[in-house]
Amino acid sequence: MYKTPLQAYQEVDKSGMTGREVEAYALTKVAMALRDCQQRWDSPERDQLLDDALKLNGRVWSIFQAELTRADNPMPQVIKQNILKLGAFIDQRSINIMAYPKPEALDIIIAINENLAAGLRESVANGSAPSTSDADENQQSAAHRPSISAAS
């Protein structure tokens, strides 16, 4: 039996997932880690939980930002710019949270991650919004190449 929903979610088999599914999984995992930190704010491990969750969030968003700035990224420019602006906002918010930690300051990052993940899952279900790695997926595994999609 799992102690937390985060532990249960971490056990999900990610093999065979599309790029969008992996992205949705990563964003959901980060949102859950941030929420877990919020819920355990008064615990002695709070600083470590916060540090770990913000580092994980930073890694996920750094991958997204790198993928979006690739010259061969086929996503429409306006969508790339909007997601990059979200990434810059999240980077700045994370720095502010590190300097002035408050549990409610995590709310906006959690909401952005959950909403983007929901959009990605919806696009998978609808078969819409091609991912950036669709052309490459025959050559590379989706788990090794992020596929920032336009569905949010």
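Overview of values
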quantity: Hits in the range 52-81 - residues which are loosely packed, with under 14 Cβ neighbours inside 10 Å, closer than 19 Å to ALA26 by Cβ and charged (D, E, K, R); calculated: LYS55, ARG59, ARG70
quantity: Pairs with Cβ under 9 Å, 6+ apart, first in the range 68-80 and under 13 Å from GLY19 (Cβ atoms) and assigned to a loop (DSSP other than H, G, I, E, B), second at pLDDT 90 or above and among the hydrophobic types (A, V, I, L, M, F, W, C); calculated: MET75/LEU68; MET75/ILE83
quantity: Failed condition for ALA33, given (1) closer than 23 Å to VAL124 by Cβ; (2) part of a loop (DSSP other than H, G, I, E, B); (3) at pLDDT 95 or above; calculated: (2)
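Yes/no matrix, rows are residues, columns are (1) in contact with a His (Cβ under 9 Å, 6 or more places away or on another chain); (2) over 19 Å from ALA33 (Cα atoms); (3) aliphatic (A, V, I, L, M):
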| residue | (1), (2), (3) |
| --- | --- |
| LEU50 | no, no, yes |
| LYS55 | no, no, no |
| ALA66 | no, yes, yes |
| ASP72 | no, yes, no |
| GLY87 | no, no, no |
| LYS102 | no, no, no |
| ASP107 | no, no, no |
| ILE110 | no, no, yes |
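The values are calculated or read from the model by the stated rules, or taken from the named source; none is laboratory data. As the structure is a computational prediction, the values presented were derived from the model and not from experiment. Using ideal geometry, Cβ is built from the backbone for each residue, glycine included, and neighbour counts are taken over all protein chains shown.
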